[in-house]
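Worksheet: one structure, shown below.
The values are calculated or read from the model by the stated rules, or taken from the named source; none is laboratory data. Everything numeric here is computed off the predicted structure, so don't read it as measured data. Cβ placement follows ideal geometry from the backbone for every residue including glycine, while neighbour counts extend to all protein chains displayed. SASA here: full protein model, heavy atoms, side chains in, ligands and nucleic acids out. Shrake-Rupley method; radii C 1.70, N 1.55, O 1.52, S 1.80 Å.
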Amino acid sequence: MIILGIESSCDDTGAAIVTDKKEILGEALQSQEEHKQYGGVVPEIAARAHLEHVDDIISICLQRAHISLNELDAVAASAGPGLIGGVVVGVMTAKALSLALNKPFVAVNHLEAHALCARISNDVQFPYLLLLVSGGHCQILVVKNVGEYERLGTTIDDAAGEAFDKVAKMLGLGYPGGPMIEKMAAIGDDSRFALPRPLIGSGDCNLSFSGLKTAVRKIIESYTADGIVEHAILPKQDVADICACFQMTATDCLVRKLERAIKYFKQKYPDGQDLVVSGGVASNTYLRNHLKELAAKHDLDFAAPPIRFCTDNGVMVAWAGLERFRLGYTNDLDFKPRPRWPLDETAPKAPGAGGVKA
Ligand code: KG4
Ligand code: ZN
């Protein structure tokens, strides 16, 4: 079984071809540089860039895989949630291929692509406990099966990656912020500033990063005469110390909420064996190491996609498409791309019956 997957929901245009034997036959990815100067993704620019690159990315992917379009069994695309202009580009391309080749179309939920991604490179069985941390989402979930999720907690304000990006922006570290914060944190002192851990005593698995970000803002403001963050000039070591404190505190918030989630998971799903992290922030080695320790402490196996598959890419979309397709879940060509699409609305109606309807 061979599937092409297309990703275009944010600022990465990706395509990949995977098989049910977990082989990645070919992949191609174009990360848009256009947004760097704006300190965040500009939706209109992203949509145009996807349109410009998507055909080439698919051609390169096919060349690398040494297969022709006719050898595909189905075509999948990220159909939401995401920036709708970009999502439409990937979905329209996939639908056009599906129609021309007379092969099924699979609408993939972008969050489900992150959620299932660890299964291509690791032996992760359902059910598993998942921390999904990306630029737009931050959730703790039980992945019970393809299309079956129990959400234990979510951020009530910023996503984890969003907090990394906003802190990086305040420190003048550029976009995306996560990798730069991680780099600076490695040479910083994580005990220098005490930062708050919002919602830590809330008695549930929900998270909040907004107060943490504001606390960082206050520290940076103290370096200015006029209180304008953009005017702050910080010595490099101070930037590194702020990054280290922020990364440590954000990680601690995630770990402590996961600790609570693990207790619930072990009780309700005694067969579950894995703690998995995915999404762009899962590229963070400091976070991965702490989650590895947490898993070991609770006698769980730890799994994460290889770092290059944590941020958006075509492989995760192709793989999620394959996981759905091999269960018989496909979608009609009138499927409408969804800017918002919660994971608990990914349950297929019935195998082979047209899948999820928008
Ligand atoms: O999954 P992703 O590529 O896009 C979304 O679906 O949102 O995640 C992008 C996010 C950005 O916020 C970026 O700053 C964050 O992942 N990120 C990181 C790291 N690498 C990327 N955050 C922390 N540490 C990293 N090394
Ligand atoms: Zn993503």
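Restricting the search to helices (runs of 4 or more DSSP H) fully inside segment 89-180 and requiring at least 3 residues that are under 21 Å from Ile57 (Cβ atoms) and within 16 Å of ligand 1 (Cβ to nearest atom) gives 110-116.
Among residues that are over 23 Å from Gly177 (Cβ atoms) and not aromatic (Phe, Trp, Tyr), Leu111 is not included. Residues in segment 129-144 that are more than 8 Å from the chain's Cα centre (by Cα) and within 16 Å of Ala320 (Cα to Cα): Leu130, Val143, Lys144.
Of the residues making up segment 173-202, just one is modelled with pLDDT under 95 and on the phi > 0 side of the Ramachandran plot, namely Gly174.
Would you check if there is a residue in segment 170-190 being without any contact (Cβ under 8 Å) to a residue 60 or more places away in the chain, within 15 Å of the chain's Cα centre (by Cα) and either within 30 Å of Gly328 (Cβ to Cβ) or open to solvent by less than 60 Å² (accessible area, probe 1.4 Å) (or both)? Within segment 170-190 (the criterion being without any contact (Cβ under 8 Å) to a residue 60 or more places away in the chain, within 15 Å of the chain's Cα centre (by Cα) and either within 30 Å of Gly328 (Cβ to Cβ) or open to solvent by less than 60 Å² (accessible area, probe 1.4 Å) (or both)), the answer is yes, since at least one residue qualifies.
Scanning for something within 14 Å of ligand 1 (Cβ to nearest atom) and surrounded by 14 or more Cβ atoms within 10 Å (Cβ to Cβ), does segment 257-266 turn up at least one residue? Within segment 257-266, not a single residue is within 14 Å of ligand 1 (Cβ to nearest atom) and surrounded by 14 or more Cβ atoms within 10 Å (Cβ to Cβ).
Quick grid of which residues meet (1) surrounded by 24 or more Cβ atoms within 10 Å (Cβ to Cβ); (2) farther than 14 Å from Pro342 by Cβ; (3) of a type in the set (Lys, Arg); (4) touching a residue at least 60 places away in the same chain (Cβ under 8 Å):
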position	(1), (2), (3), (4)
Lys103	no, yes, yes, no
Val108	yes, yes, no, yes
Ala113	yes, yes, no, yes
Cys117	yes, yes, no, yes
Asn122	no, yes, no, yes
Leu129	yes, yes, no, yes
Leu132	yes, no, no, yes
Gln139	yes, no, no, yes
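Of the residues examined, Val143 is one that is among the aliphatic types (A, V, I, L, M), outside the structural domain of Arg326 (by TED's automatic domain parsing) and either within 14 Å of ligand 2 (Cβ to nearest atom) or modelled with pLDDT of 95 or more (or both).
Of all residues in segment 67-87, those satisfying the criterion of being surrounded by 22 or more Cβ atoms within 10 Å (Cβ to Cβ) and in a helix (DSSP H, G or I) are Gly86, Val87.
Tell me which residues, restricted to segment 286-307, are part of a helix (DSSP H, G or I) and hydrophobic (A, V, I, L, M, F, W, C). Leu287, Leu291, Leu294, Ala295, Ala296, Ile307, listed by residue number. The single condition among (1) modelled with pLDDT of 95 or more; (2) buried (at least 20 other Cβ atoms within 10 Å of the Cβ); (3) within 16 Å of ligand 2 (Cβ to nearest atom) that Thr154 does not satisfy is (2). Selection of segment 1-35 for residues being within 12 Å of ligand 1 (Cβ to nearest atom), open to solvent by less than 20 Å² (accessible area, probe 1.4 Å) and within 15 Å of Gln63 (Cα to Cα) yields only Gly14.
In summary, Asp271 fulfils each of the numbered conditions (1) in a helix (DSSP H, G or I); (2) in contact (Cβ under 8 Å) with a residue 24 or more places away in the chain with the single exception of condition (1).
Here's the yes/no breakdown for (1) within 15 Å of ligand 1 (Cβ to nearest atom); (2) buried (at least 19 other Cβ atoms within 10 Å of the Cβ); (3) under 29 Å from the mean Cα position of the chain (by Cα):
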position: Phe209; (1), (2), (3): yes, yes, yes
position: Lys213; (1), (2), (3): yes, yes, yes
position: Thr224; (1), (2), (3): no, no, no
position: Val239; (1), (2), (3): no, yes, yes
position: Phe246; (1), (2), (3): yes, yes, yes
